[in-house]
Amino acid sequence: MLDDLQDGALNPLLNLGFNIPFEALSPAHVEPAVLALLARGRQNIEAIETETAPATYANTLGRLDSATAELEVAMTVVGHLESVMTSPELRDVYNRVRPEVSAFYASIPLRPLLWQRLKSFGLTAEAAALTGPRARFLHKTLEQFRREGADLSLPQKQRLEAISRELSELTSRFGQNVVASNATYELLVQEEARLAGLPPAAKQRAREDAKAHGQEGYRFTLQAPSMIPLLTYCDDAALRREVYMASECRATSGEHANPPLIAKILELRHEQATLLGFKDFADLVLADRMAKTGEVARRFVDDLSARCSVPFQNERQALLAFRLELEGPNAPELERWDVGYYSEKQRQALYDFDSEQLRPYFPLDRVVGGLFETARRLYGVDVRPNDELGRWHPDVRAYDMFDESGVKIASFYTDFFPRESKRDGAWMNCLISGVSAPGASSVHLGLICANVTPAAPGLPSLLSHGEVETLFHEFGHLLHLCLSKVEVRHQVGTNVAWDFVELPSQIMENWCWEKEALAQFARHHETGEPIPDELFAKMQRARTYREATAMTRQLGFATLDLALHVEYQPARDGDVLAYARRVAQRFAPAKLAENHAMIASFTHLFSSSVGYAAGYYSYKWAEVLDADAFTRFKREGVYNRKVGEAFRRSVLERGDSADPMELYTQFMGREPSLDALMQRAGLAA
Ligand SMILES: [Zn+2]
């Protein structure tokens with residue numbers, strides 16, 4: 001049987017076409033296919049190295065662009081199935097093959113013959129005459145090889161590989177320590193009276209959770225669905241304090257202590273950066289992003305922080321005043337675990353708005369229809385169901401997308417409901433990147449997944465407004481792929497700089513706040529009525545509540561991230577936890593406890609070799625772009641086809657075929673400004 005699986009004809013992963021046979025794939029296919037595709041990828045690269053003809057675009061970069069395509073598609077398909085239909089066998093085999101695949105990719109820039117061949121092409125007249133996407137591909141590939149160590153001596157390459165291995169080991173331990181310390185914490189409350197204020201549903205869940213663990217009373221953990229309601233609603237300040245402190249001190253002591261790992265990770269990242277000729281880790285990571293350097297990212301974060309500082313202080317004062325009004329002049333100063341609790345009370349007092357009132361207006365089918373209609377009106381594309389494509393679960397839908405002349409440009413899947421075997425969250429993925437050459441284009445294949453509220457007996461699936469925003473967001477990423485018209489495979493769709501990739505997705509969320517757009521798809525599931533004006537007005541008013549505090553929190557994380565990866569020097573700055581606490585205090589809405597140690601569970605920065613490290617600012621950076629770009633739609637019409645067309649031609653169609661700032665400026669006629677974000681956040685001076 002295993003011998004049979006080595007035969008390509010019987011292993012569907014070895015010959016994937018456009019119609020992927022999801023149902024025929026089994027965990028047993030994975031390892032033999034990946035090993036075979038690794039070998040094919042290696043052969044393709046060797047073929048570039050051993051080519052005897054003079055170096056040309058076609059026999060160097062052209063081949064490099066597709067050398068590992070089969071491996072990438074197969075790994076994406078397997079990773080995708082592991083996300084949506086996991087099983088212990090699949091997870092096992094996926095985790096087993098991954099290190100070898102990453103090691104293979106990391107080894108490519110370190111191959112001296114390949115590097116020689118690329119550099120000699122770079123010196124030819126053909127290379128000098130390249131323009132546009134091909135010129136960019138050449139330039140970026142040479143830069144990327146250098147950044148990944150191509151120019152280092154053999155001992156330096158060996159040191160670089162050792163650093164990478166150690167970083168990957170330390171960061172995965174960091175992540176596991178957070179998971180483990182989450183799992184070991186529980187708070188059991190015996191007296192129901194202590195839970196006064198908690199909504200009945202949250203109380204019920206805590207009760208059932210205790211029972212499921214063979215215990216009496218109510219059980220709380222550090223998982224968000226358990227902890228957030230407690231911090232937001234529970235009247236008992238001592239309980240809030242206990243859970244809050246447990247959360248802030250995760251993974252700080254005992255066998256799951258992360259602080260020693262943080263110090264080592266920062267040290268290795270710094271060594272890696274200097275080995276590669278960069279001042280610090282931020283400059284290394286940001287070299288191919290829009291920000292380009294840590295200094296630019298830092299100025300951006302400082303600028304926004306300065307603009308938030310007065311409104312942030314005002315919100316602090318207002319919350320304290322609210323508490324004094326509620327509890328009399330002797331009420332104490334707000335503590336960290338009081339902030340969420342009193343701000344929820346203040347929100348209710350100010351806005352009388354319960355976002356659940358919107359749910360009946362968002363039946364899933366209508367929202368999905370609204371997505372497709374938005375794409376039709378803005379970009380002239382037509383979406384139709386495709387019943388031929390194989391799928392991985394009965395909940396999955398498949399569609400085709402056609403351009404205005406009726407040519408099929410993409411197919412995609414949607415998978416919207418939670419399942420035991422599916423991971424949390426929402427995401428978009430690209431299965432096949434279509435490439436466009438003059439006169440011939442191949443079709444893209446992508447997908448979007450989410451976990452929205454499923455249908456209840458007698459009711460359709462009704463979404464919260466947040467879930468609607470999520471679907472628009474992921475559909476924006478999908479459009480970036482589906483509308484892509486790029487000749488170089490590595491430049492297709494969402495293969496763009498990390499601080500640019502959220503522009504197409506986040507901009508779509510704006511339509512969920514526009515009356516004209518909501519009128520089109522937000523209809524009561526029973527009456528077909530649009531959202532009443534009064535409810536719409538409440539929703540708009542509550543939108544920017546305590547926005548300066550929320551923004552300051554994000555900017556605090558971004559500042560801390562850059563401080564750790566640019567400025568921090570152990571000999572000068574001392575213990576990393578104390579250093580991080582000093583930075584974080586400037587952005588906190590109340591005094592931080594002496595043992596506050598949030599960075600010990602800051603997985604964005606420390607649970608993978610790069611991840612969001614030195615890149616946390618990207619969240620706000622992308623918001624600046626989307627808020628600013630949307631002003632053009634707002635000004636010229638949210639369904640203005642001409643503006644849609646301009647956005648498509650400058651951004652959605654182009655992938656990474658040009659510098660993102662150039663694409664952005666092409667659309668807006670100028671570089672981005674921070675004003676629109678401040679305006680949207682209700683913080684404009
Ligand atoms: Zn996104």
Open item on the list: When you scan the range 298-308, do you find a residue that is more than 18 Å from Phe557 (Cα to Cα) and either within 30 Å of the chain's Cα centre (by Cα) or touching a residue at least 40 places away in the same chain (Cβ under 8 Å) (or both), even just one?
Closed with: no
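Does the range 470-485 include one or more residues that are among the small types (Gly, Ala, Ser), touching a residue at least 24 places away in the same chain (Cβ under 8 Å) and closer than 30 Å to Ala58 by Cβ?
yes
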- [ ] Scan the range 646-666 for residues that are buried (at least 19 other Cβ atoms within 10 Å of the Cβ) and assigned to a helix (DSSP H, G or I) and jot them down.
- [x] Phe647, Arg648, Val651, Leu652, Pro660, Leu663, Tyr664
Task: In the range 140-151, the residues that are part of a loop (DSSP other than H, G, I, E, B), under 20 Å from Arg289 (Cβ atoms) and open to solvent by 30 Å² or more (accessible area, probe 1.4 Å) - done: Glu148
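Could you list, in sequence order, the residues of the range 503-515 that are more than 14 Å from Glu653 (Cβ to Cβ) and either open to solvent by less than 10 Å² (accessible area, probe 1.4 Å) or more than 11 Å from the ligand (Cβ to nearest atom) (or both)? Quick ask: steps written out before the conclusion?
Just the residues of the range 503-515 that are more than 14 Å from Glu653 (Cβ to Cβ), to begin with: 505-515.
Residues satisfying the conditions are Ser505, Ile507, Met508, Asn510, Trp511, Cys512, Trp513, Glu514, Lys515.
Please state which one of Gly644, Gly637 is among the small types (Gly, Ala, Ser) and without any contact (Cβ under 8 Å) to a residue 12 or more places away in the chain. Don't jump to the end; show me each part of the working.
Working: Gly644 fails: without any contact (Cβ under 8 Å) to a residue 12 or more places away in the chain.
When all the criteria are applied, what remains is Gly637.
From the list Lys279, Lys264, which residue is loosely packed, with under 15 Cβ neighbours inside 10 Å and closer than 30 Å to Tyr664 by Cα?
Working: Lys264 fails: closer than 30 Å to Tyr664 by Cα.
Every option except Lys279 fails the conditions.
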Task: Residue ranges of helices (runs of 4 or more DSSP H) in the range 35-139 with at least 2 members under 31 Å from the mean Cα position of the chain (by Cα) - done: 63-67, 69-84, 88-107
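Does His473 satisfy the condition of being of a type outside the set (A, V, I, L, M, F, W, C), under 26 Å from Arg134 (Cβ atoms), within 16 Å of the ligand (Cβ to nearest atom) and within 17 Å of the chain's Cα centre (by Cα)?
Working: of a type outside the set (A, V, I, L, M, F, W, C): yes; under 26 Å from Arg134 (Cβ atoms): no; within 16 Å of the ligand (Cβ to nearest atom): yes; within 17 Å of the chain's Cα centre (by Cα): yes.
Taking the combined requirement at face value, the residue does not satisfy it.
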Task: Long-range neighbours under 6 Å by Cβ, at least six apart or interchain, first residue under 17 Å from Thr86 (Cβ atoms) within the range 393-405, second among the hydrophobic types (A, V, I, L, M, F, W, C) and at pLDDT below 95 - done: Asp395/Phe417
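Anything in the range 486-502 that is of a type in the set (A, V, I, L, M, F, W, C), within 16 Å of the ligand (Cβ to nearest atom) and open to solvent by less than 40 Å² (accessible area, probe 1.4 Å)? List them, or say none. So that I can check it myself, show each step before the final result.
Restricting attention to the range 486-502, the residues satisfying the condition of being of a type in the set (A, V, I, L, M, F, W, C) are 486, 488, 492, 496-498, 500-501.
After this cut, where a residue has to be within 16 Å of the ligand (Cβ to nearest atom) as well, the list is 496-498, 500-501.
Passing the criteria: Val496, Ala497, Phe500, Val501.
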Open item on the list: Among the residues of the range 152-171, what is the count of those that are surrounded by 14 or more Cβ atoms within 10 Å (Cβ to Cβ) and in contact (Cβ under 8 Å) with a residue 24 or more places away in the chain?
Closed with: 12
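Go over the candidates Leu37, Leu90 one by one and state the one that is over 25 Å from Val610 (Cα atoms) and open to solvent by less than 10 Å² (accessible area, probe 1.4 Å).
Working: Leu90 fails: open to solvent by less than 10 Å² (accessible area, probe 1.4 Å).
None of the others qualify; the one that does is Leu37.
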Open item on the list: If Ala455 meets every condition in (1) more than 11 Å from the ligand (Cβ to nearest atom); (2) closer than 24 Å to Phe416 by Cβ; (3) modelled with pLDDT of 95 or more; (4) in a loop (DSSP other than H, G, I, E, B) apart from one, which number is that one?
Closed with: (3)
Task: Identity of the residue in the range 13-26, open to solvent by less than 30 Å² (accessible area, probe 1.4 Å) and closer than 16 Å to Leu38 by Cα, that ends up nearest to the chain's Cα centre (by Cα) - done: Leu13
Open item on the list: If Leu188 satisfies all but one of (1) under 30 Å from Ala613 (Cβ atoms); (2) touching a helix residue (DSSP H, G or I) at 6+ places or on another chain (Cβ under 8 Å), what's the number of the condition it fails?
Closed with: (1)
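For every residue, the table says whether it meets (1) in contact with a strand residue (DSSP E or B) (Cβ under 8 Å, 6 or more places away or on another chain); (2) of a type in the set (S, T, N, Q); (3) over 24 Å from Ala614 (Cα atoms); (4) surrounded by 19 or more Cβ atoms within 10 Å (Cβ to Cβ).
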| residue | (1), (2), (3), (4) |
| --- | --- |
| Ala273 | no, no, no, yes |
| Arg289 | no, no, no, yes |
| Lys292 | no, no, no, no |
| Gln317 | no, yes, yes, no |
| Leu334 | no, no, yes, yes |
Task: Filtered residue count, the range 417-451, keeping only those that are touching a residue at least 40 places away in the same chain (Cβ under 8 Å) and away from the ligand (no atom under 16 Å from the Cβ) - done: 15
Task: Any hit, the range 560-573, residues being away from the ligand (no atom under 16 Å from the Cβ), basic (Lys, Arg) and modelled with pLDDT of 95 or more - done: yes
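Name the residue that is surrounded by the fewest Cβ atoms within 10 Å (Cβ to Cβ), counting only residues in the range 458-480 that are polar (S, T, N, Q) and either touching a strand residue (DSSP E or B) at 6+ places or on another chain (Cβ under 8 Å) or outside any loop (DSSP other than H, G, I, E, B) (or both). Write out each step before concluding.
Of all residues in the range 458-480, those polar (S, T, N, Q) come to 461, 464, 470.
Now narrow it down to the ones that are either touching a strand residue (DSSP E or B) at 6+ places or on another chain (Cβ under 8 Å) or outside any loop (DSSP other than H, G, I, E, B) (or both): 461, 470.
Values: Ser461: 18, Thr470: 23.
Ranking the qualifying residues of the range 458-480, first place goes to Ser461.
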Open item on the list: Just the residues that are more than 29 Å from the chain's Cα centre (by Cα), without any contact (Cβ under 8 Å) to a residue 12 or more places away in the chain and more than 19 Å from Tyr233 (Cβ to Cβ), please, taken from the range 177-220.
Closed with: Lys211, Ala212, Gly214
TODO: Those residues that are more than 16 Å from Thr374 (Cα to Cα) and not in a strand (DSSP E or B), I need them from the range 509-531; list them, please.
DONE: His524, His525, Glu526, Thr527, Gly528, Glu529, Ile531
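The values are calculated or read from the model by the stated rules, or taken from the named source; none is laboratory data. Just so we're clear, the structure is a prediction, and the values are computed from it rather than from any experiment. No Cβ is skipped: glycine too gets one built from the backbone with ideal geometry, and neighbour counts run over all protein chains shown. These area figures cover heavy atoms from the full protein model, side chains too; ligands, DNA and RNA do not enter into them. Shrake-Rupley method; radii C 1.70, N 1.55, O 1.52, S 1.80 Å.
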